[in-house]
Amino acid sequence: MKLVSAIIKPFKLDDVREALSNIGVNGITVTEVKGFGRQKGHTELYRGAEYVVDFLPKVKIEAAIPADLVDQVIEAISNVANTGKIGDGKIFVFNLDNVIRIRTGETGTEAL
């Protein structure tokens, strides 16, 4: 089992959710986050004063999936979230030792 975590631009969330649903990912967790990478933020003008926005709004998507879906999930997120511009985000893949469904006590891939 794997945990796939992706940081993407907020306006791409619906497209990514739909793409993951189409390949059989049943559940995801979405968190609104802020951060920066190579973009290093940007400068904005507000009421005549210029200020630096260091942390840009992003969306973090997490999905626990069977190991055999990893390549499909990475490909789906990469294709849909790509705008070709800086700040498209990153995908992280972690190993999951165990998953337990609290309601039923199921463990492992049955709990997904």
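For region 76-93: of the residues being of a type in the set (D, E, K, R) and out of contact with any helix residue (DSSP H, G or I) (no Cβ under 9 Å at 6 or more places or on another chain), which is surrounded by the fewest Cβ atoms within 10 Å (Cβ to Cβ)?
LYS85
What tally of residues in region 94-103 results from selecting those that are part of a loop (DSSP other than H, G, I, E, B) and loosely packed, with under 10 Cβ neighbours inside 10 Å?
Going through region 94-103 one residue at a time, the tally reaches 4.
Take the residues in region 1-29 that are polar (S, T, N, Q) and more than 12 Å from the chain's Cα centre (by Cα), then tell me which one is most open to solvent (accessible area, probe 1.4 Å).
Out of the qualifying residues, it is ASN26.
Which is surrounded by 11 or more Cβ atoms within 10 Å (Cβ to Cβ) and among the acidic types (Asp, Glu), of GLU106, GLU32?
The match here is GLU106.
Inside region 44-65, can you point out the residues that are at pLDDT 95 or above and surrounded by fewer than 17 Cβ atoms within 10 Å (Cβ to Cβ)?
Once the filter is applied, which keeps residues that are at pLDDT 95 or above and surrounded by fewer than 17 Cβ atoms within 10 Å (Cβ to Cβ), region 44-65 yields LYS60, GLU62.
The values are calculated or read from the model by the stated rules, or taken from the named source; none is laboratory data. The structure displayed is predicted, hence computed values, not measured ones. All Cβ positions, glycine included, derive from the backbone under ideal geometry; neighbour counts span all protein chains shown. What goes into the accessible areas is simple: the full protein's heavy atoms, side chains included, and nothing from ligands, DNA or RNA. Shrake-Rupley method; radii C 1.70, N 1.55, O 1.52, S 1.80 Å.
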